[in-house]
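The values are calculated or read from the model by the stated rules, or taken from the named source; none is laboratory data. Being a predicted model, the structure only gives us computed values, none of them experimental. Here the Cβ is made from the backbone with ideal geometry for all residues, glycine too, and neighbour counts use every protein chain on show. These area figures cover heavy atoms from the full protein model, side chains too; ligands, DNA and RNA do not enter into them. Shrake-Rupley method; radii C 1.70, N 1.55, O 1.52, S 1.80 Å.
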Amino acid sequence: MSQQITLKRSVHAIGIGVHSGQKVRITLRPAEEHTGVEFVRVDRDAVVRARAQQVCDTTLATSLAENGVRVATVEHLMAALWGMGVDNVRVELNAEELPALDGSSEPFVELIRSAGLAVQAATRSVLVVRKAVSVELGDARASLMPYPRFAAEYTFVSDHPVYNRYPRTAHFDSATDRFDSALSHARSFGLVAELPAAQRMQRCLGSSLENAVGIDNEGILNPEGLRCDDEFARHKLLDAIGDLYLLGHPICGHFVGYKSGHALNNQLVRLLLESADAYELVPAPEVSSGQAQVPARR
């Protein structure tokens, strides 16, 4: 789609924040052209823009802050907005943290689908990666490289008897895959043995088998099991896509993550933005689809 997209109508949902444990109402509303994604804390009468520069905390989630007001755990919604092609939306919250819902992006995808999409007059801009950038922390890495469309891969590595039974790598290519069917259903996950430590840090206070995959030393605790064998890797890739959409534009490039998390993803995005020769914003009609090449630098 070459033009910007917003919602046709407002929709809402109510759920529990996975880290705060607080009940929250979220409302997605149409927004004007060039608005981008704005979080509106109706309980604080404040706006927090969904931008990489506003990331203030990456402990087990991606959280934003602006003028002293926070919005927590934005990555699953951001991934859904990217996957559904939404450029402009106002996201109203009556508490700090977004609802976890089922721990994936799928409920947000369905919420957006129920609202419908409205095509706007303004042309969409796409961020084209022109030069590779990469960040590392220990043996974890995250990279963005030039590519004729958007593609991504993620390798999840954790030495645990249950994790070691399942595929470690997930792939996504915009030429062949759809976010709603390929990634949106992949849920958050965690080891129950790590839950007490997380809760002492005031994290995972609302965590349950209804909004995450629980794992002990024997296997998966959820009665329904995994939704797919590579759900762990797919969810980490979903998280990365949500973090990448904090660039404020769809990307034409190839993301590769190896053991990266929210902190490294945000470092990568900030490094890209700081490297003037590493990217270019171009009107969407100039970005070729499929196997064609992206336009040369102007």
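Points worth noting:
- Some residue of region 273-283 being part of a helix (DSSP H, G or I), more than 14 Å from THR155 (Cα to Cα) and either open to solvent by 20 Å² or more (accessible area, probe 1.4 Å) or without any contact (Cβ under 8 Å) to a residue 12 or more places away in the chain (or both): yes
- Take the conditions (1) touching a helix residue (DSSP H, G or I) at 6+ places or on another chain (Cβ under 6 Å); (2) assigned to a strand (DSSP E or B); (3) hydrophobic (A, V, I, L, M, F, W, C); LEU246 misses just one of them, which is (2).
- With respect to being outside any strand (DSSP E or B) and either at pLDDT below 95 or buried (at least 16 other Cβ atoms within 10 Å of the Cβ) (or both), ALA13 falls outside the description.
- Scanning region 56-88 for residues that are among the aliphatic types (A, V, I, L, M), part of a loop (DSSP other than H, G, I, E, B) and open to solvent by 10 Å² or more (accessible area, probe 1.4 Å) gives LEU60, MET84.
- Test result for VAL91, touching a residue at least 24 places away in the same chain (Cβ under 8 Å), crowded, with 22+ Cβ neighbours inside 10 Å and in a loop (DSSP other than H, G, I, E, B): no
- Top-ranked residue in region 156-172 [being in contact with a Phe, Trp or Tyr (Cβ under 9 Å, 6 or more places away or on another chain) and open to solvent by 30 Å² or more (accessible area, probe 1.4 Å); ranked as nearest to LEU238 (Cα to Cα)]: HIS171
- Filter result for SER188 (under 21 Å from the mean Cα position of the chain (by Cα), more than 27 Å from LEU247 (Cα to Cα), in contact (Cβ under 8 Å) with a residue 60 or more places away in the chain and open to solvent by 20 Å² or more (accessible area, probe 1.4 Å)): no
- Filtering region 96-129 to residues that are charged (D, E, K, R) and either part of a strand (DSSP E or B) or surrounded by fewer than 19 Cβ atoms within 10 Å (Cβ to Cβ) (or both) leaves GLU97, ASP102, GLU110, ARG113.
- Cβ-Cβ under 6 Å pairs, at least 6 apart or on other chains, region 195-210 side under 16 Å from ILE16 (Cβ atoms) and touching a residue at least 40 places away in the same chain (Cβ under 8 Å), far side assigned to a loop (DSSP other than H, G, I, E, B) and open to solvent by 80 Å² or more (accessible area, probe 1.4 Å): ARG203/LEU60
Rundown of residues vs (1) farther than 21 Å from VAL74 by Cβ; (2) crowded, with 24+ Cβ neighbours inside 10 Å, yes/no style:
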| position | (1), (2) |
| --- | --- |
| ILE220 | yes, no |
| LEU226 | yes, no |
| ASP230 | yes, no |
| HIS235 | no, yes |
| HIS254 | yes, no |
| TYR258 | yes, no |
| HIS262 | no, no |
| ASN266 | no, no |
| LEU271 | no, no |
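- Contacts under 6 angstrom Cβ, first residue in region 43-60 being in contact (Cβ under 8 Å) with a residue 12 or more places away in the chain, partner open to solvent by 70 Å² or more (accessible area, probe 1.4 Å), 6 or more apart: ASP43/ASN94; ALA52/ARG270
- For region 191-205, the set of residues classified as open to solvent by less than 40 Å² (accessible area, probe 1.4 Å) and at positive phi consists of CYS204 only.
- First in region 1-16 and of a type in the set (D, E, K, R), second anywhere and outside any strand (DSSP E or B) and surrounded by fewer than 17 Cβ atoms within 10 Å (Cβ to Cβ), Cβ under 9 Å, 6 or more apart: LYS8/GLY116; ARG9/SER114; ARG9/GLY116
- The criterion of at least 2 residues that are under 30 Å from ARG130 (Cα atoms) is met by the following strands (runs of 3 or more DSSP E) wholly inside region 147-219: 151-155, 169-173.
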